[in-house]
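Engineer: Sharing a structure below in structure tokens format, with a few things to ask.
The values are calculated or read from the model by the stated rules, or taken from the named source; none is laboratory data. Note that the structure is predicted; figures quoted are calculated from it, not measured. Backbone-built Cβ (ideal geometry, glycine too); neighbour counts: all protein chains shown.
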Amino acid sequence: MDRKKLEALVNDMSLEEKVMQLVQIPGSEYDSDAEITGVERGQAKDRVKRLAGSTLGIWGSRRLRKIQEEYMKEHPHHIPLMFMLDVIHGHKTVLPCPLGQGAGFDPGAVKKGAELQAREAAADGVHATFSPMADLCRDARWGRIMESTGEDKLLNSRMSAAMVEGYQRHIAACVKHFAAYGAAEGGRDYNNTELSEHTLREPYLRAYGEAIKKDPAMVMTSFNSINGIPATGSTFLMKKILREEFGFKGVLISDWGAVGELVNHGYAEDQKDAALKAMRAGVDIDMCSGCYSGYLEELVKEGTVSPEVLDEAVLRVLNMKNDLGLFEDPFRGLDEDSTPVITEEGRLLAREAVTESLVLLENKEKALPLRKEKNAFIGPFADTKRLQSSWAFSGEDENTVSVSEAAAEVYGAENIKTAAGCTMFDQDAVTARGTCHIDNWQEENERLLKEALETAEWADTVILCLGEDSTQSGEATSKVSLQLPAVQLKLIKEVKKTGKRIVTLIFSGRPLELKEVRELSDALMICWLPGTEGGHGVLDVISGKTSPSGRLPVSLPYTVGQEPLHYDAYPTGRPKPEKGPFEYTSRYLDCENGALYPFGYGLSYTSFEYSDARLSGEKMSARETITASVKVRNTGNMKGSVTVQLYIRDVTGSRVRPVRELADFKKISLNPGAEEVVSFEIKEEMLRFWTAEEKWESEAGKFRVWLCDSSVDGEMLEFRLV
Ligand code: BGC
């Protein structure tokens, strides 16, 4: 349908019909099996159900076809209903959680992964996903760090942009949560954020902006307030930044219930006032708060919301339906035989994504790869299929390959042993889904420990599969402790007493405190929440079929007290010197300043040597570029991939600049003995920031450069921008 026809359609619609295009109601209104992700707001009235423009949380061609047929029959203009779903890291084939995908440092693979997810979702009738989450996250207490690709603005930008491109091959993408949701005070979900404008603009807004350049169909507002104004009612964020500066032309949708929550925030007096404030900010679709369906008609009739503003919002929604081809074919993806199945090709892609995501942190005396000897897989993650996050509800656990299943494939079931070792949770642990009480928890753990120690006695190497259950990361899962459950820590200490070699694998959606675990382990590897092919991917790496190549997309802290923790901090007037005395410098008396394992860090089975780091010039003007290059050689005896990282520091500025910022990265693969010169172009635009004059500009002066293996190493080079 062309624009003229769409406009004519809008003109022909009644006020009620128009308002309802801006209303999204939960799928449970149509189908009792719908996935409810937020707080249910009560039953929509029949008229809302008949006219609401979109719904969420349901999938499956047969179910959706029936709903669409009935809906279109009743709708006065036969405008199709739009089906949306949170396809976050997989629909049927589940890839590693976004934080794991961040660790892969491979936007190309992330794009392919998004395309796979979207293809499967489209075949199940889904029109749009609420992904990517471009929120920068520097705080491991915030459970939604799992849904982010980490703490770095450049990494997040590339990953979010890649996801938009990948998804939009088949369905619509939604960049969320605009904005700065990840900066919640104290790491507590939904909490207020306080950010100066330069901190908001430089690290926090970057990834949304880069993702929006790829033309996503939607952007979602965030729950939090920023500097005292709830995002969902913020004209500064939604109009000035999103629409004017970023040039976003698509549909702006609120998060679940966020319009109504303007009342709780103390920003709107009641639901009607909330509807008005959200409309003023430019929120097109009200997800499930009932404010638009309840009061928008009244607001337009009174003249408080102008009919033109309403029409523009309606047109944006209809435009999205049109772009999705729904006017031509409202039953797109709703053929009974189109139900997606997990394919070998999809599994392979997911398996490679897992191997890329694994971050090897320690490997004392080459504990990994595993030898062909007696290997015991012990711990609550050894034999579980629960390897996907709480946001992969359309993927089924039964399709997942567990670690023990994959180990049996590699070594033969008769040659390995498995034991749970302990329960996943401490007694009465609180998860997003409630309190986990286990009857006879004490006795059960005594029994499991006994069995585990017998298994460990049999083995030469114990592979301890530990971590945090998927219900402990994701939405509403903030924590003030980043420790493994006490019962799991006890397990590792008891196994240590057997004197066996210990390889610890950590499954988790957030960074955990691993200082003690590091000391007790010979090898230590982060596996995130790896998804459907988790077991295979993990075995590919620990068996030595593939060398690990993942890099930390987040700093791993010594202790939770360091949070929020990120490598790109501002310098201080009293930096802590490398060697003492340390008195009266910026430091903790009882902890290092930096991370236990820094951003960008990760080991391989082979070794890489960096040499001959150089810049093509010592000076550049704004119109010129400098090439930074370094020779990288595989000095070990196994093929491996390495992520070469370029960091820059602007030494002086009208505003202080971070001690280092990731400016580019490249992942290369080298055979033993092979070498490659890796080069990056340094351009003036990479040096811009939000200056003291409140402009995006670079400033002449000295810059430092590192070409290196993590955010804390590398030889320092210098150039000047003139
Ligand atoms: C979450 C969003 C999600 C939405 C729809 C909300 O609770 O914050 O990320 O897309 O629910 O399920």
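Engineer: Within region 588-606, count every residue that is outside any strand (DSSP E or B) and surrounded by 15 or more Cβ atoms within 10 Å (Cβ to Cβ).
Structural biologist: The number of residues fulfilling the criteria is 12.
Engineer: Could you grab me the full set of residues in region 357-379 that are buried (at least 22 other Cβ atoms within 10 Å of the Cβ) and part of a helix (DSSP H, G or I)?
Structural biologist: Hit for region 357-379 is 357, nothing else.
Engineer: Which pairs have Cβ atoms under 6 Å, sit 6 or more apart or on different chains, and link a residue in region 200-220 that is closer than 13 Å to residue 132 by Cβ to one that is acidic (Asp, Glu) and away from the ligand (no atom under 15 Å from the Cβ)?
Structural biologist: Taking only residues 6 or more apart or on different chains, the pairs are 214/165.
Engineer: Take residue 568 and tell me if it is charged (D, E, K, R), within 28 Å of residue 548 (Cα to Cα) and part of a strand (DSSP E or B).
Structural biologist: no
Engineer: Kindly provide the set of residues from region 653-700 that are over 31 Å from the mean Cα position of the chain (by Cα) and among the hydroxyl-bearing types (Ser, Thr, Tyr), ordered by number.
Structural biologist: 654
Engineer: Do we find that residue 373 is touching a Ser or Thr at 6+ places or on another chain (Cβ under 8 Å) and acidic (Asp, Glu) in this structure?
Structural biologist: yes
Engineer: If residue 240 passes every condition in (1) over 28 Å from residue 114 (Cβ atoms); (2) touching a Gly at 6+ places or on another chain (Cβ under 8 Å); (3) surrounded by fewer than 16 Cβ atoms within 10 Å (Cβ to Cβ) but one, which one does it miss?
Structural biologist: (2)
Engineer: Based on what the data block shows, is residue 219 assigned to a strand (DSSP E or B), among the β-branched types (Val, Ile, Thr), more than 12 Å from the chain's Cα centre (by Cα) and within 15 Å of the ligand (Cβ to nearest atom)?
Structural biologist: yes
Engineer: Criterion first (part of a loop (DSSP other than H, G, I, E, B), more than 18 Å from the chain's Cα centre (by Cα), at pLDDT 95 or above and more than 22 Å from residue 435 (Cα to Cα)) does residue 513 satisfy it?
Structural biologist: Here the answer is yes, as residue 513 does meet what is asked.
Engineer: Residues of region 282-312 being small (Gly, Ala, Ser), in contact with a Gly (Cβ under 9 Å, 6 or more places away or on another chain) and surrounded by fewer than 24 Cβ atoms within 10 Å (Cβ to Cβ), which ones?
Structural biologist: 290 - this is the single residue of region 282-312 that is small (Gly, Ala, Ser), in contact with a Gly (Cβ under 9 Å, 6 or more places away or on another chain) and surrounded by fewer than 24 Cβ atoms within 10 Å (Cβ to Cβ).
Engineer: If you don't mind, another one. What about residue 109, is it out of contact with any strand residue (DSSP E or B) (no Cβ under 6 Å at 6 or more places or on another chain) and not polar (S, T, N, Q)?
Structural biologist: yes
Engineer: Exactly one of (1) more than 16 Å from the ligand (Cβ to nearest atom); (2) closer than 19 Å to residue 49 by Cα is unmet by residue 337. Its number?
Structural biologist: (2)
Engineer: Regarding region 443-466, can at least one residue be identified that is touching a strand residue (DSSP E or B) at 6+ places or on another chain (Cβ under 9 Å), under 15 Å from residue 386 (Cβ atoms) and modelled with pLDDT of 95 or more?
Structural biologist: Checked against the condition, which is being touching a strand residue (DSSP E or B) at 6+ places or on another chain (Cβ under 9 Å), under 15 Å from residue 386 (Cβ atoms) and modelled with pLDDT of 95 or more, region 443-466 yields at least one hit.
Engineer: Being under 30 Å from residue 112 (Cα atoms) and more than 16 Å from the ligand (Cβ to nearest atom) is true for just one of 387, 310, 299, 315. Which residue is that?
Structural biologist: 387
Engineer: Turning to a different aspect of this structure: Can you tell me which of (1) out of contact with any Lys or Arg (no Cβ under 9 Å at 6 or more places or on another chain); (2) within 16 Å of the ligand (Cβ to nearest atom) is the one residue 269 doesn't meet?
Structural biologist: Evaluating residue 269 over (1) out of contact with any Lys or Arg (no Cβ under 9 Å at 6 or more places or on another chain); (2) within 16 Å of the ligand (Cβ to nearest atom) leaves (2) as the failure.
Engineer: Among the residues of region 188-210, is there at least one that is in a helix (DSSP H, G or I) and more than 25 Å from residue 692 (Cα to Cα)?
Structural biologist: Within region 188-210, none of the residues are in a helix (DSSP H, G or I) and more than 25 Å from residue 692 (Cα to Cα).
Engineer: Suppose we keep only residues that are in a loop (DSSP other than H, G, I, E, B) and of a type in the set (A, V, I, L, M) within region 616-668. Which one would you say is farthest from residue 360 (Cα to Cα)?
Structural biologist: Of everything passing the filter in region 616-668, 622 is farthest from residue 360 (Cα to Cα).
Engineer: Cβ-Cβ distance below 6 Å, separation of 6 or more or different chains: which pairs start in region 311-323 with a residue that is assigned to a helix (DSSP H, G or I) and end on one that is of a type in the set (Gly, Ala, Ser) and at pLDDT below 95?
Structural biologist: none
Engineer: What is the residue count in region 54-84 for residues that are within 16 Å of the ligand (Cβ to nearest atom) and either within 22 Å of residue 296 (Cβ to Cβ) or out of contact with any Phe, Trp or Tyr (no Cβ under 9 Å at 6 or more places or on another chain) (or both)?
Structural biologist: 5
Engineer: Here is a further query. Test each condition in (1) outside any helix (DSSP H, G or I); (2) over 21 Å from residue 480 (Cβ atoms); (3) within 16 Å of the ligand (Cβ to nearest atom); (4) not acidic (Asp, Glu) for residue 214 and report the one that comes out false.
Structural biologist: It fails just one condition, (3).
Engineer: Could you give me the residue pairs with C-beta distances under 9 Å whose first residue belongs to region 44-64 and is at positive phi, whose second residue is aliphatic (A, V, I, L, M) wherever it lies, and which are 6+ apart or on separate chains?
Structural biologist: Pairs that qualify, where the first residue is at positive phi and the partner is aliphatic (A, V, I, L, M), are 57/34; 57/36; 57/84; 57/85.
Engineer: When you go through 133, 159 one by one, which is the residue that is closer than 19 Å to residue 222 by Cα, crowded, with 24+ Cβ neighbours inside 10 Å and aliphatic (A, V, I, L, M)?
Structural biologist: 133
Engineer: Looking only at region 532-554, count how many residues are in contact with a Lys or Arg (Cβ under 8 Å, 6 or more places away or on another chain) and polar (S, T, N, Q).
Structural biologist: So the count comes out to 3.
Engineer: Then there's this: Which of the residues that make up region 222-237 are in a loop (DSSP other than H, G, I, E, B), crowded, with 24+ Cβ neighbours inside 10 Å and away from the ligand (no atom under 16 Å from the Cβ)?
Structural biologist: 234
Engineer: Now for a different question. Would you say residue 262 is more than 16 Å from the ligand (Cβ to nearest atom), surrounded by 24 or more Cβ atoms within 10 Å (Cβ to Cβ), in a helix (DSSP H, G or I) and of a type outside the set (D, E, K, R)?
Structural biologist: Spelling it out, it is not the case that residue 262 is more than 16 Å from the ligand (Cβ to nearest atom), surrounded by 24 or more Cβ atoms within 10 Å (Cβ to Cβ), in a helix (DSSP H, G or I) and of a type outside the set (D, E, K, R).
Engineer: Further, regarding this structure: Looking for something of a type in the set (D, E, K, R), in contact with a His (Cβ under 9 Å, 6 or more places away or on another chain) and surrounded by 19 or more Cβ atoms within 10 Å (Cβ to Cβ) - is there at least one such residue anywhere in region 347-356?
Structural biologist: yes
Engineer: Residues of region 184-210 being under 17 Å from the mean Cα position of the chain (by Cα) and closer than 20 Å to residue 660 by Cα, which ones?
Structural biologist: Those that are under 17 Å from the mean Cα position of the chain (by Cα) and closer than 20 Å to residue 660 by Cα: 203, 204, 205, 206, 207.
Engineer: Look at region 68-85 and say how many of its residues are crowded, with 22+ Cβ neighbours inside 10 Å and over 16 Å from residue 325 (Cα atoms).
Structural biologist: Going through region 68-85 one residue at a time, the tally reaches 1.
Engineer: Quick check on my filter: what residues within region 699-713 are over 13 Å from residue 662 (Cα atoms) and not in a strand (DSSP E or B)?
Structural biologist: 699, 700
Engineer: Continuing with this model, one more query. Please verify whether residue 382 is aliphatic (A, V, I, L, M), buried (at least 23 other Cβ atoms within 10 Å of the Cβ) and in contact with a Pro (Cβ under 6 Å, 6 or more places away or on another chain), treating the condition exactly as stated.
Structural biologist: No: the conditions fail for residue 382.
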